[in-house]
Amino acid sequence: MNIRFLGDLRDGVGESPFWNPKDGRVWSVDITGRALIARDLASGKTADFATDDLPTALALDLDGGAIVSFAQGVARWHDGKTGPLIQAESDPMMRLNEGACDPSGRMWVASMENNLTDNLQPREQARACGRLFRIDAHGAVPLSDPEFGIPNTMVWSPDRDRFYLGDSLRNTIWVWDYDDATGEISNRRIHVSGGPGVPDGSCMDAAGFLWTARFGAGRVIRYDPRGKPDREIMLPAQNPTATTFGGSDLSTLIVTSARFGMENPADADGAMMAVQTDVIGQPENRFVP
């Protein structure tokens, strides 16, 4: 299988790829690199935009800007300028880790106990106490109890009736019933448990199959709507972090990866990779103010 690198830049912790057909670029964040990054899907030409805080996820809007989940809160971003911060957690030992917009354009984020020191060294977590939030006009609305270790995988089904969220520490992805009109979730159950590596970021294809980056296992696994493995794509990067679909027909699988914490990273570690598939993906949901 032909795997193409998008440019020469390597991320510390690449995350949250978002295909923008308007400019032909894949936007993403580099958490430890403190940057938003835009890579041209055709040429790999890369532009990066520095941020003061650690950016952990993003979703583009319809006006050329984005909403960004930073470690300490959520803010609008446009042309390198960051707007006012909406805080989800008040405890300084907590940070946001995952974020995405639901089908109606509402931003959701999930928190965790910070596993990084101020000088970006790995820090051991003492507790699993992260929460899921939905951002609305009143701020951050909690949707869960404090329970998540490292929340990842935040996607919605094509028919807008299911929501998926994972926890890398528990090696589990759950699915809930989702009400798009209210943004409420219910009837939580296990979708995927165990497997090679741990689940990191995921995306959904048009048929309702989940494509999950398996951190530590150098692969992406496609799971059917019942949570059963359907296929695997082996990658040259050991720690893939997130997935999305891009290209004119949404058939190109795009995968971010990480090299942070690796003693001897290979050239592929930290790269953004593009893989041609025979399926049609689901586009990422844009932020709607």
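The values are calculated or read from the model by the stated rules, or taken from the named source; none is laboratory data. For clarity, every value in this text was computed on a predicted model and none was experimentally measured. Please note: Cβ atoms are built from the backbone with ideal geometry, for glycine as well, and neighbour counts cover all protein chains shown.
List of remarks:
- SER111 vs. criteria in contact with an Asp or Glu (Cβ under 8 Å, 6 or more places away or on another chain), surrounded by fewer than 18 Cβ atoms within 10 Å (Cβ to Cβ) and either assigned to a strand (DSSP E or B) or at pLDDT 95 or above (or both): no
- Per the conditions (1) more than 28 Å from ASN114 (Cβ to Cβ); (2) touching a residue at least 60 places away in the same chain (Cβ under 8 Å); (3) not small (Gly, Ala, Ser), the sole criterion not satisfied by VAL13 is (1).
- The residues listed here are ASP63, ASP52, ASP91; of these, the one that is in a loop (DSSP other than H, G, I, E, B) and in contact with a Ser or Thr (Cβ under 8 Å, 6 or more places away or on another chain) is ASP52.
- Top-ranked residue in segment 145-157 [being touching a residue at least 24 places away in the same chain (Cβ under 8 Å) and not aromatic (Phe, Trp, Tyr); ranked as farthest from TRP211 (Cα to Cα)]: GLY149
- Test set (1) in contact with a Gly (Cβ under 6 Å, 6 or more places away or on another chain); (2) surrounded by fewer than 19 Cβ atoms within 10 Å (Cβ to Cβ); (3) hydrophobic (A, V, I, L, M, F, W, C) - VAL192 fails condition number: (2)
- For segment 58-80, the tally of residues that are on the phi < 0 side of the Ramachandran plot and of a type in the set (Gly, Ala, Ser) stands at 6.
- Residue match in segment 229-236 (condition: part of a strand (DSSP E or B) and within 19 Å of ASN20 (Cβ to Cβ)): no
- Some residue of segment 66-84 being in contact (Cβ under 8 Å) with a residue 60 or more places away in the chain and part of a loop (DSSP other than H, G, I, E, B): no
- The one condition in (1) part of a loop (DSSP other than H, G, I, E, B); (2) of a type outside the set (Asp, Glu); (3) buried (at least 16 other Cβ atoms within 10 Å of the Cβ) that ARG127 fails to fulfil: (3)
- Residue count for segment 77-97, restricted to those that are surrounded by fewer than 19 Cβ atoms within 10 Å (Cβ to Cβ) and basic (Lys, Arg): 1
- Answer residue from segment 136-173, given it is over 17 Å from GLU98 (Cα atoms) and basic (Lys, Arg) and is surrounded by the fewest Cβ atoms within 10 Å (Cβ to Cβ) among those: ARG160
- ALA47 being exposed (fewer than 15 other Cβ atoms within 10 Å of the Cβ), of a type in the set (A, V, I, L, M, F, W, C) and not in a loop (DSSP other than H, G, I, E, B): yes
- Matching option when the condition is surrounded by fewer than 24 Cβ atoms within 10 Å (Cβ to Cβ), hydrophobic (A, V, I, L, M, F, W, C) and assigned to a strand (DSSP E or B), among ALA57, ALA38, ALA100: ALA38
- Considering ALA207, ALA217, the condition of being touching a residue at least 60 places away in the same chain (Cβ under 8 Å), among the small types (Gly, Ala, Ser) and either surrounded by 23 or more Cβ atoms within 10 Å (Cβ to Cβ) or part of a loop (DSSP other than H, G, I, E, B) (or both) is satisfied by ALA207 alone.
- Qualifying residue in segment 258-274 (condition: in contact (Cβ under 8 Å) with a residue 40 or more places away in the chain, surrounded by fewer than 22 Cβ atoms within 10 Å (Cβ to Cβ), within 18 Å of the chain's Cα centre (by Cα) and closer than 19 Å to SER157 by Cβ): no
- Residue, farthest from ALA42 (Cα to Cα), within segment 250-283, restricted to residues that are of a type in the set (Gly, Ala, Ser), modelled with pLDDT of 95 or more and assigned to a loop (DSSP other than H, G, I, E, B): ALA266
- Consider segment 16-35 and keep the residues that are of a type outside the set (Ser, Thr, Tyr), touching a residue at least 24 places away in the same chain (Cβ under 8 Å) and assigned to a strand (DSSP E or B). The one that is nearest to THR117 (Cα to Cα) is ASP30.
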